[in-house]
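Novice: A single structure is presented below for examination.
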Amino acid sequence: MTDSPHLRPARPEDAESIATIWYEGWRDAHLGNVPDELVAVRPQESFGTRAEERISDTVIAIVADQVAGFVMTLDDEVDQVYLSRHHRGTGVAASLLGAAEQRIHAGGHSRAWLAVVAGNTRARAFYARHGWVDEGLFSHRAPGPDGPVSVPAHRYVKHLGFSPKH
C-alpha cells in the first residue's frame, strides 16, 4: 500500500503526465488483446491530444507530488482508469474507481458501466474485487480518427447504492 493519494480534478497542466501514464498503461493492457486496427490509430502522440481534450472529465491521484494515475468518466461510463507502473497494486486505483463511481452517481446515474478487453485479466480481476459484474462480451466501439473501431470487450456494470444527498 502506498501513501493515501490526494484526488483532485485534472488541470490543463496535468495533460502531459496523464498522456504518459495513459500511453504506457494502454500498451501494457491492450497490445495483443485488441485488433491491429485499433493499435494503428493509437500512436503515442494521440494520447496527448486526447488527454488535453478530456481534462474536464478527469480526476487525478497525486502521490508524493506526482500524478500517480487518473480516471475519466463519460456520462454513466468509467471510460479510462490508468496508473503509472510504479503505483499499480498500491490501492490508488481503488481510490480513483471510487471517485469515478461518485461522479457518475452525482451525474444522476444509479448504474455505471465500463469496457475491458478479454485479455486484460488483471483489470478484470480488479473490477470483480470491487463489486463490478461481468455482463459478458460485446463489441465496444472505440473512438478512432475515421470513426469507431470495433473491439471485443467485456461489459462490466455496477449498481451505485450511494445514499441520496440531503
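Novice: With viscosity set to 1.002 mPa s and temperature to 20 °C, compute the Stokes-Einstein D of the stretch 22-116, Rh being the Kirkwood radius across alpha carbon pairs; µm²/s, no decimals.
Specialist: It comes out at roughly 151 µm²/s.
Novice: Also, quick follow-up: What does the accessible area per residue of the chain come to in Å², with a 1.4 Å probe and no ligands, DNA or RNA counted?
Specialist: Ligands and nucleic acids excluded, the result is 54 Å² per residue.
Novice: Would you please put 57-63, 74-80, 137-143 in order of how densely packed they are, using the mean number of other Cβ atoms within 10 angstrom per residue and starting with the highest?
Specialist: Most protected by this proxy first, the peptides run 57-63, 74-80, 137-143.
Novice: How large is Rg/Rh for the chain, to two decimals, with Cα atoms and a Kirkwood Rh?
Specialist: Here Rg/Rh amounts to 0.94.
Novice: What percent do you get for the relative contact order of the stretch 23-99 when only Cα pairs under 8 Å and 6+ apart count?
Specialist: The value is 24 percent.
Novice: Show me the ranking of peptides 89-96, 66-73 by mean Cβ neighbours inside 10 Å, starting with the highest.
Specialist: Packing order, densest peptide first, comes out as 66-73, 89-96.
Novice: Could you order the peptides 6-16, 46-56 from most to least packed, using the average number of other C-beta atoms within 10 Å per residue?
Specialist: My ranking of the peptides, most packed first, is 46-56, 6-16.
The values are calculated or read from the model by the stated rules, or taken from the named source; none is laboratory data. It should be emphasised that the depicted structure is a prediction, and the values quoted were computed from it without experimental measurement. All Cβ positions, even for glycine, are placed from backbone atoms using ideal geometry, and neighbour counts span all protein chains on display. When the accessible area is computed, the model is the full protein with side chains, heavy atoms only, and any ligands, DNA or RNA have been set aside. Shrake-Rupley method; radii C 1.70, N 1.55, O 1.52, S 1.80 Å.
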